[in-house]
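Heads up: the structure comes next, in structure tokens.
The values are calculated or read from the model by the stated rules, or taken from the named source; none is laboratory data. As the structure is a computational prediction, the values presented were derived from the model and not from experiment. Note: ideal-geometry Cβ built from the backbone for every residue, glycine included; neighbour counts use all protein chains shown.
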Amino acid sequence: MHWGRAYRDLREYAQLMDELGYDELWLSEHHFFYDGYCPALLPAAASVLSVTKNLRVGTGMLLLPMQDPHRLAVVAHDLNTRSGGRLDLGVGMGYRDIEFDGHGISRKQRLPRMLRGLEVLEAEQRAGGATLWMGAQLIDPVKRAGQHGHPILFSAALPVERCRTLAGVWEEGWNETGRSEPKPPLGALRNIWLTEDAEERAAARDWVRASYVQYAGLGWTLPAVGEHAQADFAEETDKAIQATVETTITGSADECVEQLREFEAMGIDHIAFRLMLDGAPRAAIESQIRRLATEVMPRLRAQVGSRA
Amino acid sequence: MRLGLVLPEGREHELARLAEEHGLFGVLAGSGNPLTAVNAAVYASTATEFARVIVRLHLGLEHPVIIAEELSVLDNVNNGRTVVLADTGELDEEAADDEVAVLREALASRPIQHEGPLWKVPAGLPANVTAPKSISVTPKPVQVEVPFWLTGRAAAAIGARRGLPVLAHSPADVDGAPLLQPARDAITGDLARDRDRLSTWAKAGVTYLLIDLPDGPVGDLMTNISRHLGPEVGMPHFPRVMSDSAVPLPWPGER
């Protein structure tokens, strides 16, 4: 697909989501990759925010150590203002040597740069700037996010049990500080495909498989956490990908809702459907956006409403 | 000579659409806060379909590879309508030239391996053990080559060295020889005075004039531009009877 077409599709999907009542759209970042993976999330977010009315747009995740946080804060503030406060600023650390080197940053500096950057963005949020979200999958940063009251968006590659463990860690961090303000949300990306058809289900699972081959190419490793083993997409590609495919939520609306309620039960109340899969044609993606909005989202909202 | 519009900060989406409706060749975004120029350009881009989006970039405020990545996304968002107007700002000539070099190399379709007085890309830092010796900024821009214009203190020297257009702010600065000569000026809203002013620019050899509007309502000004000023500098010996005749009646139905 032409990259220009991808950005046009993004705007059109976002407009459809806006019409259908979705709350949020999330964008992700990598650099210097052959497929044109988006390297600059705020311009991409601006393109969506400029053509939608209610949809929030989140960066999930913008790689903070590679940026000048003061400039980033100004740019995000401007975009949040232009869009009527609809920007969510999710930040993560990054892991690829080439991405750091291409921006003149030593990978060894990523943690201190991340912490310094967070201080700047936290101050900006306190001054009314965009809501800060965190992307993390290790104990310490997840706990820190809880302590600082930052929402988290978990990767779609995290199995359910690992999400449960990390949601608990975040909760511990939150409780330690004894804050009085309302608890921030927790979120999770999920591979999902609503279908009653066995052939479509097989195709969707294969699109998930294909989309995670990219993680092998990027050299990503899901590190060990407690009793959860490491998943090395570069060294144990087939095993890691297969384990991720197994986390895909597929089936009828009833089956999808049942599986999504597992996340609600662990306190994760923002679910980002990961539908932009390698091989999935536009008609199929649009169909999912519509079906999930009409057959799944109202039932989840009813559940949330009944608990409120 | 063709006319474009300088977009005031915060009104890019609204006025870019209006500029395109009135047939202007393009719009200049980023004339406000230098840090938020790309946001402004994206908002102008999604309001238009044909107009060129000239983004005024201040050099020296962020790593040029970050800026090149933002420009590349912008060019994909607007389907190849980006023009860069690089403002050399506070940089001296050597530093500005190095930054221009990195930006242009990063936007080209060849891996970068740059070592200049200001920047080394990739940096080759010892801790980044698996980083290769060259990188390629992706996605690539839609355009084969992104137009790159210059302004600021070091612009004339760099423009001469690299053969890049330099924005003129006075008719005396205009070089009538190149096929492309951009300029920027304000109009007043007084049609007679503006006619004289634009005629001077056209005679000097400017090809693209970016117009700052005076404060106030823009409707009548845009009509002046599209009905009088634009056509009059758009061809030699413009038959003014065309623009002085009555405006065609509007469609009486629902608008």
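Within segment B:166-178, the set of residues being modelled with pLDDT of 95 or more and either of a type in the set (A, V, I, L, M, F, W, C) or crowded, with 16+ Cβ neighbours inside 10 Å (or both) comprises B:VAL166, B:LEU167, B:ALA168, B:PRO171, B:ALA172, B:VAL174.
Taking the conditions (1) surrounded by 15 or more Cβ atoms within 10 Å (Cβ to Cβ); (2) under 18 Å from the mean Cα position of the chain (by Cα) in turn, B:GLY163 satisfies each one other than (1).
Counting only residues that are surrounded by 19 or more Cβ atoms within 10 Å (Cβ to Cβ) and of a type in the set (Gly, Ala, Ser), which one in segment A:115-138 is nearest to A:VAL225 (Cα to Cα)? The extreme case among them is A:ALA136.
Considered as a group, the residues in segment B:124-156 that are over 30 Å from A:ASP35 (Cβ atoms) and not in a strand (DSSP E or B) include one that is nearest to the other protein chains (Cβ to nearest Cβ), and that residue is B:GLY152. For A:GLY58, the test of being assigned to a strand (DSSP E or B) and over 16 Å from B:VAL38 (Cβ atoms) is passed.
Would you pick out the residues in segment A:43-65 that are facing another protein chain (nearest Cβ under 7 Å) and touching a residue at least 12 places away in the same chain (Cβ under 8 Å)? Answer for segment A:43-65, where residues must be facing another protein chain (nearest Cβ under 7 Å) and touching a residue at least 12 places away in the same chain (Cβ under 8 Å): A:ALA44, A:ALA46, A:SER47, A:SER50, A:VAL51.
Rundown of residues vs (1) modelled with pLDDT of 95 or more; (2) crowded, with 22+ Cβ neighbours inside 10 Å, yes/no style:
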{"site": "A:TYR7", "(1), (2)": "yes, yes"}
{"site": "A:GLU24", "(1), (2)": "yes, no"}
{"site": "A:PHE32", "(1), (2)": "yes, yes"}
{"site": "A:ASP35", "(1), (2)": "no, no"}
{"site": "A:PRO39", "(1), (2)": "yes, yes"}
{"site": "A:PRO43", "(1), (2)": "yes, yes"}
{"site": "A:SER47", "(1), (2)": "yes, yes"}
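With a requirement of 1 or more residues that are within 27 Å of B:ALA131 (Cα to Cα), the helices (runs of 4 or more DSSP H) lying completely within segment A:203-308 that satisfy it span A:237-245. When the residues of segment B:9-24 are filtered to those that are of a type in the set (Gly, Ala, Ser) and surrounded by 24 or more Cβ atoms within 10 Å (Cβ to Cβ), the one that is nearest to the other protein chains (Cβ to nearest Cβ) is B:ALA16. Which residue is farthest from the other protein chains (Cβ to nearest Cβ), if the candidates are limited to segment B:63-94 and must be closer than 14 Å to B:ALA41 by Cα and among the hydroxyl-bearing types (Ser, Thr, Tyr)? So the residue we want is B:THR82. Can you name the residue in segment B:95-123 that is part of a loop (DSSP other than H, G, I, E, B) and over 15 Å from B:HIS63 (Cβ atoms) and is also nearest to the other protein chains (Cβ to nearest Cβ) among such residues? Checking each candidate, the answer is B:PRO111.
Residue count for segment A:1-26 satisfying the condition of being within 21 Å of A:ARG290 (Cβ to Cβ) and either outside any loop (DSSP other than H, G, I, E, B) or within 7 Å of chain B (Cβ to nearest Cβ) (or both): 18.
Of all positions in segment A:216-229, at least one carries a residue that is more than 26 Å from A:LYS143 (Cα to Cα) and either touching a residue at least 40 places away in the same chain (Cβ under 8 Å) or within 18 Å of the chain's Cα centre (by Cα) (or both). Looking at segment B:4-13, is at least one residue closer than 21 Å to B:ALA183 by Cβ, among the basic types (Lys, Arg) and not in a helix (DSSP H, G or I)? No, segment B:4-13 has no match at all. A single member of B:GLU69, B:GLU94 is within 26 Å of A:THR81 (Cβ to Cβ), modelled with pLDDT of 95 or more and of a type in the set (D, E, K, R), and it is B:GLU69.
Considering B:VAL146, B:VAL102, the condition of being touching a Phe, Trp or Tyr at 6+ places or on another chain (Cβ under 7 Å), within 23 Å of B:LEU74 (Cα to Cα), surrounded by 20 or more Cβ atoms within 10 Å (Cβ to Cβ) and modelled with pLDDT of 95 or more is satisfied by B:VAL102 alone. Candidates are the residues of segment A:67-82 that are more than 8 Å from chain B (Cβ to nearest Cβ) and not hydrophobic (A, V, I, L, M, F, W, C); the one that is surrounded by the fewest Cβ atoms within 10 Å (Cβ to Cβ) is A:HIS70. The residues listed here are B:VAL6, B:VAL38, B:VAL27, B:VAL53; of these, the one that is buried (at least 24 other Cβ atoms within 10 Å of the Cβ) and in contact with a Ser or Thr (Cβ under 7 Å, 6 or more places away or on another chain) is B:VAL53.
Whenever a residue of segment B:66-79 is in contact (Cβ under 8 Å) with a residue 40 or more places away in the chain, its partners that are of a type in the set (Phe, Trp, Tyr), lying with C-beta atoms within less than 6 angstrom and at least six residues away or across chains, give the pairs B:ASN76/A:TRP3; B:ASN76/A:TYR7. Determine, yes or no, whether B:ASP75 is among the acidic types (Asp, Glu), buried (at least 24 other Cβ atoms within 10 Å of the Cβ) and closer than 23 Å to B:VAL38 by Cα. Here the answer is yes, as B:ASP75 does meet what is asked.
The criterion of being touching a Ser or Thr at 6+ places or on another chain (Cβ under 7 Å), touching a residue at least 24 places away in the same chain (Cβ under 8 Å) and not charged (D, E, K, R) does not hold for A:THR237. Restricting attention to segment A:166-188, the residues that are in contact with a helix residue (DSSP H, G or I) (Cβ under 8 Å, 6 or more places away or on another chain), under 22 Å from A:HIS228 (Cα atoms) and either part of a strand (DSSP E or B) or without any contact (Cβ under 8 Å) to a residue 40 or more places away in the chain (or both) total 6.
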